[in-house]
Structures are given as C-alpha cells and as structure tokens.
Amino acid sequence: QLQFVESGGGLVQPGGSLRLSCAASGFSLQNYHIGWFRQAPGKEREGVSCISSWSSGYYADSVKGRFTISRDNAKNTVYLQMNSLKPEDTAVYYCARMNSGGSCTRVKGDNVLSSWGQGTQVTVSS
C-alpha cells in the first residue's frame, strides 16, 4: 500500500525558510512522480511542486524561484525546500503519488494514486 508521512512544518516569520520531508514506507519512491500540494482554510487543494521519476522538478507559478523539490533515493524521501516564505504560503502541505508524468509537469493532482495523509502545517506569520 502506498503510504507517505509528511514532516518539517512549523511556524516561521515572513522571509524565513522551512524544509519539508515526504518519507515513503514499504516501497521505493524512485519509480514514481511525487507531488507536493497544499490546502489553506476555505480554499481548494492546489499543486505546489512535483518531482518526476526522472528527477526533474516542476513548480506552480506562485512558488517558482522560492521553492526547490528534490529526492534522496537512499533515504526514500522527497524534500521541499521553501525559502522567502510569505503569509500566503500558510497551509497544510501534503505529498502524493502523481498519476502521470504529464500531471507532474503541470503540477495537477486531480487523480493522485495515493491516499491523502495528515500533512504538515506551515504557518508564516509575524
């Protein structure tokens, strides 16, 4: 069964940084496209970033130049480095297996192939 555990969130001031981790259990995520998503109160879940099975990174326009996605196959973990954080980045962040490379390049998760976990809370506030 596909299972991910998100961690690394917290409270940070505007302009600060956080690194989120998405750890996989029971399988190797090296063979999958893995996306990061976020959902703020009162808003729909939106795609943030995706790393393809060939390790290319893709980003939503709102985070380009600030966020970097990467993977460490030895640790079976995908990371999201978030710099220059803004209050509008405040949300619960989730990771999931994407259904296709095309969805990964477009950072669209309408039909992800894993269940949504608990996510990790990111709060950007002064």
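The values are calculated or read from the model by the stated rules, or taken from the named source; none is laboratory data. Predicted model, so just to flag it, every value in this text is computed and none were measured. Cβ: placed from backbone, ideal geometry, glycine included. Neighbour counts: every protein chain shown.
Quick rundown of the values:
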| quantity | calculated |
| --- | --- |
| Any strands (runs of 3 or more DSSP E) falling wholly within region 8-126 and containing at least 1 residues that are surrounded by fewer than 18 Cβ atoms within 10 Å (Cβ to Cβ) | 10-12, 18-24, 34-39, 46-51, 57-59, 67-72, 77-82, 120-124 |
| Residue that is touching a Gly at 6+ places or on another chain (Cβ under 7 Å) and either at pLDDT 95 or above or within 23 Å of Gly10 (Cβ to Cβ) (or both), where the choices are Tyr59, Tyr93, Tyr79 | Tyr93 |
| Leading residue by the ranking (farthest from the chain's Cα centre (by Cα)) among those in region 93-126 that are among the aliphatic types (A, V, I, L, M) and more than 14 Å from Gly47 (Cβ to Cβ) | Val124 |
| Subset of region 6-26 [more than 14 Å from Ala91 (Cβ to Cβ) and over 16 Å from the mean Cα position of the chain (by Cα)] | Gln13, Pro14, Gly15, Gly16, Ser25, Gly26 |
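Here is a yes/no grid of residues against (1) under 22 Å from Arg71 (Cβ atoms); (2) modelled with pLDDT of 95 or more:
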residue	(1), (2)
Ser17	yes, yes
Ser25	yes, no
Asn31	yes, no
Ala40	no, yes
Gly47	yes, yes
